[in-house]
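Reading through the structure tokens given below for one structure.
No value in this document is a laboratory result; all are computed from the given coordinates. Only a predicted model underlies this, so the values are computations on that prediction, with no experimental measurement involved.
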């Protein structure tokens, strides 16, 4: 476990970094500013459990003998959570004694066809109009109806017979029908052979179809099912806030000698080595959640220090424990960043002015 850096260790590490080894005490006399920024990385994975019951139905004689059973209330049935809290899992259960196979209530696995309404056939649209009579006068006797139509007499006998006409297929009257459609008024329909009806494509004329609820078996299996689901719920706490510069976070993540511990139970005490400024935040984050049945909390902390030297106002020196002793990472100070930003802005303005004059 890495220890917290003392001020002497910090100043000596900075002195070595700036090429003045052994002059840590002299840096103290120059009025250096040492700011401690302890870093915390807390990641929690909670296993949250949800339970529920429902009525289940399956067609036919459905075999559920392989499922575990429970008795009484599902909330009282013990189910072990997964060993890894990050694992998702769902356990399906059956209430003991609730399984039964009953008649479906259909007609031996059949149900009336909904497409043709149990008639076995569907109306068929008539074919195209006869190209000869256009459907206007297919038969002078019945007009394609098969029965005599009331109309004024067309000749001495009251009938409009014509040698060019033929016997009507509907009323059977000779020499009254169009010779091409023979009294139908339309061309012959190939789908229904001019019967006016076609076989229902759903039931194939059987008037009934297989009952889907029972798969045509006439039976259904019923039971009360219960499910216990475990799902991971993640949260994290990172301190300090605001966070150190990105370069510092990246460097400490790669080479920092972080102290770490893993907690797996509710109520486990936080590590004694944790910075006192972080204890309250960690304890609050570790409070149990509703329906939490397992957890894993990975806690990491690192002693980070920011050092400002009056002799070098352009840098802030970040010091932290590394694997081979204290490491130092210089970062531009706010003062230098603002000065550079001002220079860049001035150059941009100058370029714009020159461009405007050209």
For Cα extents along the principal axes in Å, pick the label among (1) 54, 51, 44; (2) 70, 52, 47; (3) 142, 88, 29 that corresponds to the value derived from the coordinates.
(3)
Going by a ≥ b ≥ c, the root eigenvalues of the Cα gyration tensor, does region 279-333 fall in the rounded group (a/c under 1.5), the prolate group (a/b larger than b/c) or the oblate group?
prolate
What percent do you get for the relative contact order of the chain when only Cα pairs under 8 Å and 6+ apart count?
30
222 nm [θ] for the chain, helices only, -39500 (n - 2.57) per DSSP H run of 4+, per residue, to 500?
-5500 deg cm²/dmol
Just to be sure I understand: of the beta bridges DSSP finds with both ends in the chain, what percent are antiparallel, rounded to 5?
95
Mean-square fluctuation check for the chain, GNM, Cα pairs under 10 Å: which of 83, 121, 134 is largest?
134
For region 32-88, what class follows from the C-alpha gyration tensor (a ≥ b ≥ c being the square roots of its eigenvalues): rounded when a/c is under 1.5, otherwise prolate if a/b is larger than b/c, else oblate?
prolate
Rounded, prolate or oblate, given the Cα gyration tensor of region 176-231, with a/c below 1.5 counting as rounded?
prolate
